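First up is the structure itself, then whatever we jot down about it.
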Amino acid sequence: MAKARLEKTRLTLGMVPLVDCAPLAIARERGFFAAMGLDVEISRESSWASIRDKVAVGVLDGAHMLAPLPLAMSAGVSPVGVPMMTGLALSLGGTTVTLANAVWDRLAAINPGAARMRPLPATLLRRLVEADREEGREPLTFASVHPVSSHTYDLIAWLDSGGIAVDRDVRLVVVPPPQMVARLSAGDIAGVCVGEPWGALAMRQGLGRVILTSGDVSPGRVEKVFAVTRAWAEAHPETHLAVLEALIGAARWCDDNRAETAEILARPHLLNLPVGAVAAPLLGEDSLPGDLIRFHRPAANVPWRSHALWYLDRMAQYGQLPPETDRLRLAETVFRPDLYRLAATRQGVDVPPDEEEPII
Amino acid sequence: MSLRVIVVDDERERAALVTQALTANGFQVVAVLGAGACPAHRVTELAADVIIVDIDSPDRDMLEDMRRVTFDCGRPVVMFAQDGNPETIRAAVEAGVSAYVVDGLKPERVKPVVDVAIARFRQFQELRSELGRTKATLAERKLVEKAKGILMRQRGCGEEEAYRLMRKMAMDRKVRLADIANRIIEAAQLLG
């Protein structure tokens, strides 16, 4: 019945190979898009920069994005900026910090008990940083996936908890998710903060240890969103809602069918990785917590404005946002729980009331 | 002084096209790198002003401006977009080009470099689709020849008659001649 009203039925949606693109991939592979009358092609992109630029100029209709990316694009602080909109969160949590074996071994030599704790106390790392400085060694380098990301903020927060400051004590660089394992293997990176399954894969390849998960720093935080430009949303309101409806159904399916989700995601045209590594973060194997990543419950798909504000506060704190930016207005125009509510209601999904908005 | 350019592209023929055109326009290409070569680290070393990067290169995220958060790179690079006009950006993305410049460089100095890259990326795209079409045509011609041979043997007819039969069948069924050829070949294989 929805078909007749759709402004556009053939769509190309972008994703970066990560476990949290699952709702998009599953909506395509398990027919949730087709059921809404949509013919969707999933385009695997090699970087967040590529996703951002292609969505901004309309080469992609919409995409899997780091939650703060549409905020940065709308604030005009990202190189290619246009007003963006998200009516749906794709996932909560799902990122890990992996330390290279060589660094972990040195920590274990200082204090074997503390090195085995998770989260690993950053104060232990500080002892290593201080020892390195006295010996005149090069500072350790850590990698995040993007300047504007939960990964960057979690890494900084964890390092800060041990009195370690980026730039003063350690370096921070950007490495795209699919290259994290190779960089750990090359030995020039001490630790990486990346979305799964890249941490699980590094562990399985014997390259490092997961010492911290997103749940240790900010449990229940919106990690990825499905975003479109505001212009696209305004030109295709029914199509947009149909995509959101399909994604809600797919996200619920992902939570209920995690082993099968892993099997589908591992396929060559999607993540192209061993199924075991993809399954580990979804099923809580390899000592990863079972609730590391959530796709639908509890109210995981709501693009909460409080979460947008949390990201905007971090951006402001680290000088990524001009001081005069109206953060509340930005949060309200970009994160659109009202669109989620409309789509969820059509799908018969219970929607939490406004006043239950969670603060991270 | 002429701008110093780094080209990051895994597609070697395209990189060569771009390099040649940039040189002809008076720019200096100081390095051509493949993916994973960490161009950010080479910027200072090579005293580069502009980096032309394939839009699908995974290295792009490494070039993104970390602003005050970090990135201790001697010459901070920013994507060439903020000062460029929207049409240039759209044309660049559609052609598959992204460009990074050392912070502070005037847009009017950079734009000619980006324009050359866009033109060459487009040219390469056209060459490649042209090559694809030529290959497809040749493959189809081979199929038609093979099917014609099968028909001539089966029906004991001449070449022209076989061709006429196939064309009529294609027109009646509103499919392409190559599709009819394919069906004839498949049927012949099935019947041995």
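What to note about this one:
- J(HN,Hα) series, segment A:203-218, from Karplus relation 6.51 cos²θ - 1.76 cosθ + 1.60, nearest Hz, glycine and proline x: 5, 5, 8, x, 9, x, 10, 6, 10, 7, 10, 4, x, 6, 9, 9
- 3J(HN,Hα) couplings calculated from phi for segment B:170-175 with the Karplus curve 6.51 cos²θ - 1.76 cosθ + 1.60 (θ = phi - 60°) are, in sequence order, 5, 5, 4, 8, 6, 10 Hz; Gly and Pro show x.
- Bridge orientation summary for the protein assembly as shown: considering DSSP beta bridges with both residues in this region, about 55 percent are antiparallel.
- Enclosing the Cα atoms of segment A:110-214 in their convex hull gives a volume equal to 99 cubic angstrom per residue.
- Exposure ranking of A:283, A:244 by accessible area [1.4 Å probe, largest first]: A:283, A:244
- Order of exposure, largest accessible area first, which applies to B:38, A:254 with probe 1.4 Å: B:38, A:254
- With contributions of -39500 (n - 2.57) from each DSSP H run of at least four residues, the per-residue ellipticity at 222 nm computed over chain B stands at -19500 deg cm²/dmol.
- Remark: C-alpha extents of the protein assembly as shown on the principal axes read 91, 65, 47 Å, sorted largest to smallest.
- Taking every protein chain into account, the 1.4 Å probe leaves residue A:267 with about 80 Å² of accessible area, to the nearest ten.
- Cα gyration tensor category, rounded, prolate or oblate, for segment B:15-64 with a/c compared to 1.5: oblate
- The sum of -39500 (n - 2.57) across all DSSP H runs of n ≥ 4, divided by the residue count of chain A, sets its helix-only mean residue ellipticity at 222 nm to -12500 deg cm²/dmol.
- For peptide A:42-52, the mean count of partner chain Cβ atoms within 10 Å of a residue's Cβ comes to 5.
- Model label zone, residue A:117; criterion: amide N under 17 Å from point 7 Å along Cα-to-beta-carbon; scope segment A:147-163: A:158-163
- Cα convex hull of segment A:200-329 - mean projected area over all directions, nm²: 10.4
- Spin-label model distance (nm) - residue B:167 vs residue A:205, 7 Å beyond Cα toward Cβ: 5.8
- Phi angles across segment A:28-44 convert, under the Karplus curve 6.51 cos²θ - 1.76 cosθ + 1.60 with θ = phi - 60°, into 3J(HN,Hα) values of 6, 6, 9, x, 5, 5, 4, 5, 8, x, 10, 10, 10, 9, 9, 10, 7 Hz, Gly and Pro given as x.
- Summed side-chain charge close to residue B:171 - residues other than residue B:171 whose Cβ falls under 13 Å, Lys, Arg +1, Asp, Glu -1: +4
- Whole-number percent relative contact order across chain B, with pairs defined as alpha carbons under 8 Å at least 6 apart: 17
- Sulfur and carbon atoms: percent of accessible area, the protein assembly as shown [1.4 Å]: 50
- Geometric descriptor of segment B:4-130, per residue, is 98 Å³ (volume of the convex hull of the Cα atoms).
- Largest accessible area first, the residues A:105, A:154 order themselves as A:105, A:154 under a 1.4 Å probe with ligands, DNA and RNA left out.
- Folded to 0 to 90 degrees: helix B:177-191 orientation relative to chain B principal axis, Cα: 60
- Rounded, prolate or oblate (a/c below 1.5 giving rounded, otherwise prolate when a/b exceeds b/c) for segment B:135-191 by Cα gyration tensor: rounded
- With a simple spin-label model that places each label point 7 Å from the Cα along the Cα-to-Cβ direction, the separation between residue A:272 and residue A:134 comes to 4.8 nm.
- Projecting label points 7 angstrom from Cα along Cα→Cβ for residue B:157 and residue B:105 puts them 6.5 nm apart.
- Note on A:172-178: average number of Cβ atoms from other chains within 10 Å of each residue's Cβ is 6.
- Probe 1.4 Å, protein heavy atoms only - accessible area per residue of segment A:75-185 in square angstrom: 34
- Reducing segment A:76-124 and segment B:165-192 to their Cα centroids gives an inter-centroid distance of 59 Å.
- Nearest-10 value in Å² for the accessible area of residue A:287, using the 1.4 Å probe: 80
- Accessible area of residue B:142 (1.4 Å probe, protein heavy atoms only, ligands and nucleic acids ignored): about 150 Å².
- Its relative contact order, with pairs defined as Cα atoms under 8 Å and 6+ residues apart, puts segment A:115-190 at 37 percent.
The values are calculated or read from the model by the stated rules, or taken from the named source; none is laboratory data. From a predicted model like this one, the values you see are computed outputs, not experimental measurements. Positions of Cβ are generated from backbone atoms using ideal geometry, with glycine treated the same way; all protein chains shown enter the neighbour counts. For the accessible areas, the whole protein counts, side chains as well, though only heavy atoms, and no ligand, DNA or RNA atoms are used. Shrake-Rupley method; radii C 1.70, N 1.55, O 1.52, S 1.80 Å.
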